1. So, in the range 232-245, exactly how many residues are surrounded by 15 or more Cβ atoms within 10 Å (Cβ to Cβ), more than 23 Å from SER155 (Cα to Cα) and under 42 Å from the mean Cα position of the chain (by Cα)?
2. For VAL391, state whether it is among the hydrophobic types (A, V, I, L, M, F, W, C) and part of a loop (DSSP other than H, G, I, E, B).
3. So which residues in the range 256-297 are loosely packed, with under 12 Cβ neighbours inside 10 Å, among the aliphatic types (A, V, I, L, M) and within 25 Å of ASP216 (Cα to Cα)?
4. Is it fair to say VAL394 is within 26 Å of ALA464 (Cα to Cα) and in contact (Cβ under 8 Å) with a residue 40 or more places away in the chain?
5. Going by what's in this entry, would ILE142 be described as among the β-branched types (Val, Ile, Thr), over 30 Å from PRO50 (Cα atoms), modelled with pLDDT of 90 or more and more than 34 Å from the chain's Cα centre (by Cα)?
6. Restricted to the range 455-486, and to residues that are closer than 24 Å to GLY368 by Cβ and of a type in the set (D, E, K, R), which residue is nearest to the chain's Cα centre (by Cα)?
7. Of the conditions (1) loosely packed, with under 13 Cβ neighbours inside 10 Å; (2) closer than 30 Å to VAL289 by Cα; (3) of a type in the set (A, V, I, L, M), ALA439 satisfies every one except a single condition; which number is it?
8. Within the range 476-486, which residues are without any contact (Cβ under 8 Å) to a residue 60 or more places away in the chain and surrounded by 12 or more Cβ atoms within 10 Å (Cβ to Cβ)?
Amino acid sequence: MASGRPNLSAGPHLRQEQKAQPRLYQAMDLLHMPLLDLQGHLRQALVDNPFLDLVEPGDEPDGPDDARDSLADDAGDDPAEEVDWEDVLLDDFDAGGRPEEYGDREYYTPVPAATQSLWDHLHEQLNLLRLGEHQLLIGEEIIGNVDRDGFLSCSLDRILEALEERLEEPPEERPDARGAVSREDVEEMLARVQSFEPSGIAARDLRETLLLQLKDRRREASLAYRIVDGHFDDLANHRWPELAEEYGVTPREVQTAADEIAKLDPKPGLRHADTSESYVIPDLTVERVEGRYRVSHADASLPRLKLSPVYRDVAADRARFQGKNKAFISERLNSARWLIQAIEQRRRTMLKVMDFIVERQHDFFEKGVEHLRPLTLRDVARHIEVHESTVSRVTNGKYVQTPRGLYPLKFFFSGGYSTLGGNDLSSEGVRVRIRKLVAEEDRTAPLSDHEITARLQKTGVRIARRTVAKYRDRLGILPARLRRRV
């Protein structure tokens, strides 16, 4: 009779496993890094590994002997001042004295200048008012609930509750206010905050921020103000005939008022948003030379590495080192050689990928985006005989400077459509054609999705109406009834 108890046993098993070595992971990381990240990585490697040295144009020693002579000249004639590179190599690379004597380099990352935030800007205006502690507390609570877009992110009831909770604290914990807060106090202070710059700030919805901006421009008597105030839904749905009948004006006058409203800022808080952006530095360059397109690396700012002749000469005499010292030197030397090889392999792989892109997308470089052809990562991987994931790492976050502008490498990859003429057209090319058709349409009779589909099909593009509608939405183009003008 079976006991039902688990039976544990141990025994040898033979199986195959594929494990990635740490250096393989590092190589993949190097392949994935954009140029700016790679610069920082290599500069840190120069600091961490003594076997790495920086190649500087016109400042390269001709050989190991020249490097030793140069080092001896720097050390002077006094033997006491001569650097013992063997001790330096084994003692955490610390030779004493000033670092610049031994070629150490310091790198500084530029820090963008701090900009004034929206909340700092509002608090600054609040503090300019002559307010009591009670009013100041209410104003700070309101400003604290203004979101990044400039809207009040909660109701006045919630602000009132927060103020009451704060006022219930012991006096020693709230020395900034005394007495109760009423809803009228909150509404009065909200009105004062809404008079601050930028115009339209602290509104509770889009309608209110538009009214505040029109009021700030002294347009309370205008048709635009009356439309926003009384018929905002009709405005949002472009019901020009209905609005014209309501206000006893012509549809064209309504259209003019709508154009005035469209010039207002729907998100006033973004004016003070953090505008510090990372600079895009291209990793590759495509230039037209003698009728042909040439691909080159745009890595002039990238540190070029070589093996340090000084440390390499010290490590050459392996008989002088034993045990941990020998293993340490071997590991650092191999790491330096591997990094130099990995960087060079990265350069070659990127050139191969971009060369194939230029070959495949030749019509784009000659004629423009409308002639962009379908291309997948698999197509490139098969051509240059690497794994698809390698192509993905090469193209992710990388940019190329071309005669037609700066593009991310991912821009050149997309699905596509076959045309009646037997040519392929990328999805991006179709979107460009849709944008062009809309830009050239009669604004009084804009093209519907069905009409856009029909015109594309006449040019040989096989595409469905629902696909046209999807692309139009992605391009931020309104439906035909909302694009119509009178």
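The values are calculated or read from the model by the stated rules, or taken from the named source; none is laboratory data. This one's a predicted model, so the numbers in the text were calculated from it and none came from an experiment. No Cβ is skipped: glycine too gets one built from the backbone with ideal geometry, and neighbour counts run over all protein chains shown.
1. Of the residues in the range 232-245, the ones surrounded by 15 or more Cβ atoms within 10 Å (Cβ to Cβ) are 232, 234-235, 238-240, 243-244.
If we keep only those that are more than 23 Å from SER155 (Cα to Cα) as well, we get 234-235, 238-240, 243-244.
So of that shortlist, the ones also under 42 Å from the mean Cα position of the chain (by Cα) come out as 234-235, 238-240.
Going through the range 232-245 one residue at a time, the tally reaches 5.
2. On the way: among the hydrophobic types (A, V, I, L, M, F, W, C): yes; part of a loop (DSSP other than H, G, I, E, B): no.
So VAL391 fails the test.
3. ALA262
4. Details: within 26 Å of ALA464 (Cα to Cα): no; in contact (Cβ under 8 Å) with a residue 40 or more places away in the chain: yes.
In short, no.
5. Details: among the β-branched types (Val, Ile, Thr): yes; over 30 Å from PRO50 (Cα atoms): yes; modelled with pLDDT of 90 or more: yes; more than 34 Å from the chain's Cα centre (by Cα): no.
Judged against the criteria, ILE142 is not a match.
6. Filtering the range 455-486 for residues closer than 24 Å to GLY368 by Cβ gives 455-463, 467-468, 470-477.
Adding the requirement that they be of a type in the set (D, E, K, R) leaves 455, 458, 462, 470, 472-474.
Working: ARG455: 36, LYS458: 39, ARG462: 34, LYS470: 25, ARG472: 24, ASP473: 23, ARG474: 19 Å.
Top of the filtered list is ARG474.
7. (2)
8. Filtering the range 476-486 for residues without any contact (Cβ under 8 Å) to a residue 60 or more places away in the chain gives 476-480, 483.
Within the range 476-486, ILE477, LEU478, PRO479, ALA480, ARG483 qualify.
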